[in-house]
Amino acid sequence: MCNKEKFWTGLTEAVGKPEWATDPEYSRFAARLKNREQVTLELDAVLTTATTAEWISRLGGKVPIAPVYSVQQALENPFVAEQQLVLDFQHPKHGKIRGVVSPVLNRSGAESTRFLRLSSVGESNLWVPKLDRSCAPWKASRPVRARARRRVL
């Protein structure tokens, strides 16, 4: 359901229902919101008549549109491969592991840390600097209490 009127008009024309643009129950966003259930049923009925690729082709450039992928589809998307967002990492204990790279760059802006595998427990203690907890943002306004331990029966 389009929030912007200009997109609603484009959608109604592209799906072959131009009468929705002037229908009092659909013509304004507030009316569509009030009649959301009916609008959803009507849109579902129309949108199930073609494939996702066909709708993207018809609606592209008229309304904001993108496919909704499963996790597998998203990770196998050609754009993801082109951007090297999923890579194979060599783990010292488990061998080759496929993983999603970090989108975060280090402070210098270099991408060297984007492609590091996850460290083992305690492994990064050697190179992660200790935080100076005397700085104002780290001072707690009240004492921090330890979480209760879970009892094992």
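Computed from the coordinates by the stated procedures, all read-outs in this text should not be read as laboratory data. Remember, it's a predicted structure, so these values are computed and weren't measured experimentally. Please note: Cβ atoms are built from the backbone with ideal geometry, for glycine as well, and neighbour counts cover all protein chains shown.
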Taking a straight Cα-to-Cα line shorter than 14 Å from residue 93, and setting aside same-chain aspartates and glutamates fewer than 8 residues away, one finds 123
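Could you give me D for segment 1-86, from Stokes-Einstein at 25 °C and 0.890 mPa s, where the hydrodynamic radius is the Kirkwood radius over C-alpha pairs? Units µm² s⁻¹, please.
Values: Rh = 14.4 Å.
Estimated via Stokes-Einstein, D reaches 170 µm²/s.
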Residue 82 and residue 40 label points (each 7 Å along its Cα→Cβ direction) are spaced in nm at 3.5
Any aspartates and glutamates whose Cα falls less than 17 Å from that of residue 17, other than same-chain ones fewer than 8 residues away, would be 5, 25, 42, 44, 54
